[in-house]
Amino acid sequence: MPTIVTLPGDGIGPEIMKPALELLRTLSEDFSFEEHLFGGAAIDVHGTALTDETLAACKRADAVLLAAVGGPQWDTTDPDAPRPEQGLLGLRKGLGLFANLRPVRPVPALYDASPLKRERIEGTDLLVVRELTGGIYFGAKTRTATSASDLCEYSVAEVQRIARVAFEAARTRRNQVASVDKANVLETSRQWREVVHDVHRESYDDVELSDVLVDNAAMQLVARPADFDVIVTENLFGDILSDEAAMITGSIGMLPSASLGERDTPGLFEPVHGSAPDIAGTGAANPLAMFLSVALMLRNGLGWETEAAAVESAVDRALDGGLRTRDLGGDAGTAEATRAVIDHLDG
Ligand code: NAD
Ligand code: IPM
Ligand code: MN
């Protein structure tokens, strides 16, 4: 029986974790769930966003399912105060989850829910492969009374392994990789570009590779999103570009993610969005990114392809049937959206 560590976290986190568990229990009784406090909720009780006990439980699990962390009550500019987001970064680093996969595939029923024109987004099916445990997120930070700095550092090995993930993914898709960098300015990007091309030449010359500067990529993503297949990029660029890409699907409330490490490491599955403090407690949170993250967990974390496809199909059919949460321009709340998806799962 697979053990799944669940981390509801903060804000809308617990409100979307509950429906996710309901969905999983509808699919199968064959799960063992272990819930832990995480993020701000863990700071309030333990003084830290990620306890050693929670990290150890995640390491032992078959998969980790996370909703969201963060909120204004823990926001601080004091470098010594604990922050919810440190829990997430510590978990990614602690599990060695260097590859973050963010699939962007708008469902036809939502083409008109996107602020982008239907003819621009039609046929879009792209995958952002974001490097997740290196770069400026994890470099040394300094702060004095008059200055501050964040170091952006990448080793060749870190770039090689994420490049391989992107090329392998492309081979199962449309065989194209766009490597996004800022090689006209940054030394880390110049190294990134060289290493991606070395890996390409040595092992993946059947895959079509292009280089796109990150500012241009941000523009191309809204101008011609359907032309992208796999986008591979470093940590910070991937964070920003994936929120932008979310709007192609209609809402950030639709985008799931999978964070994977070396073989035998449990994966972490979570929506791309945050804890949405502005709507927390109102029952308005869209649970679909969470459900689609459950599908990624079933597929990539547990190897349960049939169940994964059943969840994705139930989400598609609920949307085809007219389900629209508020972020998609409708009036369905979390409970109604959950019911609609679970009803389609049953039939
Ligand atoms: P956010 O993604 O939480 O919210 C941005 C906007 O999108 C808000 O208007 C919100 O209401 C809306 N939104 C997000 N998810 C939604 C959903 N499921 N249904 C309906 N609407 C949704 O980003 P933010 O406001 O910049 O950040 C809030 C907090 O979340 C911060 O503390 C941030 O650090 C944290 N955060 C956490 C994660 C994570 O846990 N993985 C990711 C991003 C941000
Ligand atoms: C994400 C989030 C996180 C990130 C934050 C909460 C640390 O924005 O998962 O995209 O920047 O990676
Ligand atoms: Mn983000």
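The values are calculated or read from the model by the stated rules, or taken from the named source; none is laboratory data. Here the structure is a predicted model, which means the values were calculated and not measured. When we count neighbours, we look across all protein chains shown, and the Cβ atoms used for this are built from the backbone with ideal geometry, even at glycine.
Residues that are away from ligand 3 (no atom under 16 Å from the Cβ) and assigned to a strand (DSSP E or B) within region 198-249 comprise Glu208, Leu209, Ser210, Asp211, Val212, Leu213, Val230, Val232, listed in sequence order. Considering Leu97, Leu65, Leu88, the condition of being assigned to a helix (DSSP H, G or I) and surrounded by 21 or more Cβ atoms within 10 Å (Cβ to Cβ) is satisfied by Leu88 alone. Looking across region 290-306, the residues that are crowded, with 18+ Cβ neighbours inside 10 Å, more than 16 Å from ligand 2 (Cβ to nearest atom) and under 20 Å from Asp346 (Cα atoms) come down to Phe291, Val294, Ala295, Leu298, Arg299, Trp304.
Can you tell me which residues in region 252-275 are assigned to a loop (DSSP other than H, G, I, E, B), surrounded by fewer than 23 Cβ atoms within 10 Å (Cβ to Cβ) and either small (Gly, Ala, Ser) or near ligand 1 (Cβ under 6 Å from one of its atoms) (or both)? Residues satisfying the conditions are Gly261, Gly274.
Go through region 260-295 and count every residue that is within 22 Å of Ala166 (Cα to Cα), away from ligand 3 (no atom under 16 Å from the Cβ) and among the polar types (S, T, N, Q). Number satisfying all stated conditions: 1.
Here Ala308 does not qualify as in a helix (DSSP H, G or I), in the same structural domain as Gln73 (by TED's automatic domain parsing) and over 20 Å from the mean Cα position of the chain (by Cα). Residue pairs whose Cβ atoms lie under 8 Å apart, sitting 6 or more positions apart in sequence or on different chains, and linking a residue in region 103-125 that is of a type in the set (Lys, Arg) to a partner that is in a helix (DSSP H, G or I), are Arg105/Thr249; Arg118/Tyr111; Arg118/Asp112; Arg120/Val222; Arg120/Ala223; Arg120/Pro225; Arg120/Ala226. Got at least one residue in region 11-33 being under 26 Å from Ala335 (Cβ atoms), among the charged types (D, E, K, R) and crowded, with 22+ Cβ neighbours inside 10 Å? Yes, that holds for at least one residue.
Meeting the requirement of 1 or more residues that are buried (at least 21 other Cβ atoms within 10 Å of the Cβ), the strands (runs of 3 or more DSSP E) wholly within region 127-193 are 176-181.
Restricting region 218-234 to residues that are in contact with an Asp or Glu (Cβ under 9 Å, 6 or more places away or on another chain) and surrounded by fewer than 22 Cβ atoms within 10 Å (Cβ to Cβ), the residue that is farthest from Phe138 (Cα to Cα) is Ala226. Filtered by the rule that a residue be in contact with a helix residue (DSSP H, G or I) (Cβ under 8 Å, 6 or more places away or on another chain) and near ligand 2 (Cβ under 9 Å from one of its atoms), region 274-284 gives a lone residue, Ser275. Of everything in region 106-125 that's assigned to a loop (DSSP other than H, G, I, E, B) and buried (at least 16 other Cβ atoms within 10 Å of the Cβ), which residue is farthest from the chain's Cα centre (by Cα)? Applying the filter and picking the extreme gives Leu116. Taken together, Pro266, Pro287, Pro271 contain a single residue that is within 16 Å of ligand 2 (Cβ to nearest atom) and either over 13 Å from the mean Cα position of the chain (by Cα) or modelled with pLDDT of 95 or more (or both), which is Pro271.
Is there a residue being within 16 Å of ligand 3 (Cβ to nearest atom) and farther than 20 Å from Phe33 by Cβ anywhere in region 296-310?
no
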